[in-house]
Amino acid sequence: MTALLSLSGVTAFYGAIQALKGVELNVNPGEIVTLIGANGAGKSTLMMTICGNPRARDGRIVYDGADITRVPTHEIMRQGIAQSPEGRRIFPRMSVYENLLMGAHGRDGGEAAETMEQVFALFPRLKERTAQRGGTLSGGEQQMLAIGRALMSRPRLLLLDEPSLGLAPLVVRQIFGAIRDLNRSTGLTVLLVEQNAFQALRLAHRGYVLVNGAITMAGAAADLLARPEIRAAYLEGGH
Amino acid sequence: MAYALQQLINGVTLGMIYGLIAVGYTMVYGIIGMINFAHGDIFMVGAFLSLIAIVGLGMLGITSVPLALIVTLLFAAGIAALYGWAVERIAYRPLRGSFRLAPLISAIGMSIVLQNFVQVSQGARVKPMPQMIPGGVTLLSSDGFAVQLSWMQIAIVITTLILLAAFTWLVTRTPLGRSMRACEQDLKMAGLLGIDTDRTISLTFVIGAALAAVAGLMFLLYYGVIDFFIGFIAGVKAFTAAVLGGIGSLPGAVLGGLAIGLIETFWSAYFSVQYKDVAAFSILVLVLIFMPTGLLGRADIEKV
């Protein structure tokens with residue numbers, strides 16, 4: 001099977017600081033792959049580097065058979081990749097409806113309306129709040145909006161960064177359930193970054209562990225869950 | 001009473017011109033967080049382009065005033081828009097991601113370049129122009145004072161209101177306006193949603209410059225004299241208007257423009273013409289001290 005997304009030898013810098021040190025990673029079509037690691041390991045940088053902001057200094061990023069390493073961010077995002085970023089980044093002074101429309105930027109209006117109904121079916125809470133400003137939503141609602149906005153572009157690959165951060169366990173379950181359903185019903189491919197390693201590994205098919213900007217371990221999610229060193233570093237007392 | 005009404009009319013007219021320029025300051029600030037100090041000079045370039053167009057049309061023998069004004073407006077707005085685009089492309093885009101003061105310094109440089117360019121190419125002397133829209137109506141006269149509302153003033157106010165309404169529609173209802181607001185609220189996220197942020201920023205400069213050029217045309221018609229330096233004072237006043245209204249806020253820019261126009265006019269009428277700029281800039285200082293977010297500005301309190 002050819003990977004939908006593959007990174008080889010990817011490095012990235014913030015100023016003089018090297019955030020990624022030769023990352024190797026593959027995501028196959030229809031998979032949920034999770035990237036776990038401590039705070040500051042470079043997980044979010046990796047997600048942003050896939051989108052070309054910051055740009056990878058060395059290495060290659062291939063999406064759907066095409067090299068996207070040097071493609072401008074807005075063009076990458078029009079090729080079927082969508083990101084729900086760290087910190088959610090909802091447009092605070094736009095309504096929920098407008099936030100969702102932004103996700104369908106450059107798309108046909110009828111198609112956007114149809115996709116929006118699907119997003120509302122997934123997160124009914126959003127439908128109750130279409131006219132409300134993004135900045136006034138609760139954390140959980142903002143997270144739903146961030147994912148919904150990403151889905152509005154009908155992506156093949158969803159980059160999902162820390163969807164559980166700061167949310168109540170019940171809301172986290174709801175969001176993870178929605179991701180699982182999407183993956184099963186539509187075959188959506190997901191790359192999930194999580195600090196909540198236990199939940200992430202239970203949801204994902206495969207996992208990677210990122211330490212100081214480099215992948216140190218990779219394997220089937222169930223195997224990673226069982227490894228003592230993973231349990232010690234990321235699971236015990238962690239979640 | 002009649003005298004005050006006359007000042008009100010004059011002040012609103014002047015305020016409209018400031019408001020149109022202020023919109024450009026506030027939009028650019030909103031979207032990339034910098035003060036485009038060359039914006040006042042784009043206004044000046046717009047006034048010169050208008051004069052060139054009016055003289056040129058006169059030489060071509062076009063005698064219909066409305067036709068000449070519409071052609072002039074489109075010409076000045078179009079060419080000034082190109083200037084706005086070029087200024088952003090040359091002086092600001094290469095510095096994006098640089099330290100915060102860098103684009104500010106190159107903005108001041110751009111302002112000087114535009115002033116000197118016009119000074120050299122058009123001459124330093126004041127350019128007069130005969131009145132194109134003479135006459136008006138006398139609203140009322142009492143105590144031997146007649147309140148005049150000139151056709152010129154009506155034309156300025158109506159044109160400004162139409163432009164502001166069109167611009168508000170653009171920002172609130174169209175995909176381009178939504179992209180502009182998205183860039184204003186979170187530039188990085190806008191890029192992640194497939195918005196070409198560089199293009200959106202360019203268009204913001206283009207629209208702001210076109211509005212400033214229309215203000216330049218109005219200034220030329222209203223005062224009848226221009227020189228290469230008018231962009232500086234008008235620019236700083238429009239900037240004051242944008243700060244007074246709350247920088248980043250569109251209705252604030254218009255409101256601030258009206259306030260500055262009225263303050264300046266009433267001060268000139270009742271106190272002293274020589275000190276009218278002092279009055280306007282004292283407002284800037286007072287606002288910065290006591291109301292840094294302006295009349296309609298927002299303190300950035302958002303849920304994170």
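General observations
- Complete set of residues in the range A:85-99 that are more than 7 Å from chain B (Cβ to nearest Cβ) and more than 19 Å from A:ASP161 (Cβ to Cβ): A:SER95, A:VAL96, A:TYR97
- Scanning the range A:21-52 for residues that are more than 14 Å from every other protein chain (Cβ to nearest Cβ), crowded, with 18+ Cβ neighbours inside 10 Å and under 18 Å from A:GLY87 (Cβ atoms) yields a total of 6.
- Scanning the range A:136-171 for residues that are out of contact with any Lys or Arg (no Cβ under 9 Å at 6 or more places or on another chain), hydrophobic (A, V, I, L, M, F, W, C) and surrounded by fewer than 19 Cβ atoms within 10 Å (Cβ to Cβ) turns up A:ALA168, A:LEU170.
- Selection status of B:PHE228, away from every other protein chain (no Cβ under 14 Å), within 20 Å of the chain's Cα centre (by Cα), closer than 30 Å to A:ARG93 by Cα and among the aromatic types (Phe, Trp, Tyr): no
- When A:ILE76 is tested against (1) within 13 Å of chain B (Cβ to nearest Cβ); (2) under 24 Å from A:LEU35 (Cα atoms); (3) over 17 Å from the mean Cα position of the chain (by Cα), just one condition goes unmet, and that condition is (3).
- Taking the criterion of being more than 10 Å from chain B (Cβ to nearest Cβ), among the small types (Gly, Ala, Ser) and farther than 22 Å from A:ILE81 by Cα, the residues of the range A:121-165 that qualify are A:ALA131, A:GLY140.
- Note on the range B:88-104: residues that are surrounded by 16 or more Cβ atoms within 10 Å (Cβ to Cβ) and at pLDDT below 90 total 0.
- Matching residues, the range A:94-111, being of a type in the set (Gly, Ala, Ser) and free of Cβ contacts under 8 Å to residues at least 12 places away in the same chain: A:GLY109, A:GLY110
- The single condition among (1) surrounded by fewer than 23 Cβ atoms within 10 Å (Cβ to Cβ); (2) outside any helix (DSSP H, G or I); (3) within 11 Å of chain B (Cβ to nearest Cβ) that A:ALA82 does not meet is (1).
- Among the residues of the range A:195-209, some residue qualifies, meaning at least one is farther than 18 Å from A:LEU7 by Cβ, in contact with a His (Cβ under 7 Å, 6 or more places away or on another chain), in contact (Cβ under 8 Å) with a residue 40 or more places away in the chain and not hydrophobic (A, V, I, L, M, F, W, C).
- Comparison of B:LEU221, B:LEU217, B:LEU139, B:LEU203 shows that the only residue that is more than 30 Å from B:ASN116 (Cα to Cα) and out of contact with any Phe, Trp or Tyr (no Cβ under 7 Å at 6 or more places or on another chain) is B:LEU139.
- B:GLY109 vs. criteria free of Cβ contacts under 8 Å to residues at least 60 places away in the same chain, away from every other protein chain (no Cβ under 14 Å) and of a type in the set (Gly, Ala, Ser): yes
- Some residue of the range B:35-49 being assigned to a helix (DSSP H, G or I), among the acidic types (Asp, Glu) and in contact with a Gly (Cβ under 6 Å, 6 or more places away or on another chain): yes
- Residue match in the range B:105-118 (condition: in contact with a strand residue (DSSP E or B) (Cβ under 8 Å, 6 or more places away or on another chain), at pLDDT 90 or above, surrounded by 11 or more Cβ atoms within 10 Å (Cβ to Cβ) and of a type in the set (Phe, Trp, Tyr)): no
Results for (1) at negative phi; (2) in contact (Cβ under 8 Å) with a residue 12 or more places away in the chain; (3) surrounded by 15 or more Cβ atoms within 10 Å (Cβ to Cβ), shown as yes or no for each residue.
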position	(1), (2), (3)
A:ASP58	yes, yes, no
A:ILE68	yes, yes, yes
A:ILE76	yes, yes, yes
A:PRO92	yes, yes, yes
A:ALA113	yes, no, no
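- Test for B:VAL147: is it among the aliphatic types (A, V, I, L, M), at pLDDT 95 or above, over 19 Å from B:ALA22 (Cα atoms) and surrounded by 16 or more Cβ atoms within 10 Å (Cβ to Cβ): no
- Of the candidates B:ILE230, B:ILE247, B:ILE263, B:ILE226, the single residue that is over 17 Å from B:ILE17 (Cβ atoms) and buried (at least 19 other Cβ atoms within 10 Å of the Cβ) is B:ILE247.
- Residues of the range A:100-109 satisfying the condition of being more than 7 Å from chain B (Cβ to nearest Cβ) and more than 21 Å from A:LYS127 (Cβ to Cβ): A:ASP108
- Residue among A:ARG70, A:ARG60 that is of a type in the set (Lys, Arg), more than 17 Å from the chain's Cα centre (by Cα) and either facing chain B (nearest Cβ under 10 Å) or part of a loop (DSSP other than H, G, I, E, B) (or both): A:ARG70
- Matching residues in the range B:165-202 - criterion: being among the charged types (D, E, K, R), facing chain A (nearest Cβ under 9 Å) and assigned to a helix (DSSP H, G or I): B:ARG178, B:ARG181, B:GLU184, B:LYS188, B:ASP198, B:ARG199
The values are calculated or read from the model by the stated rules, or taken from the named source; none is laboratory data. Note that the coordinates shown come from a computational prediction; the quantities given were computed from them, not determined experimentally. Positions of Cβ are generated from backbone atoms using ideal geometry, with glycine treated the same way; all protein chains shown enter the neighbour counts.
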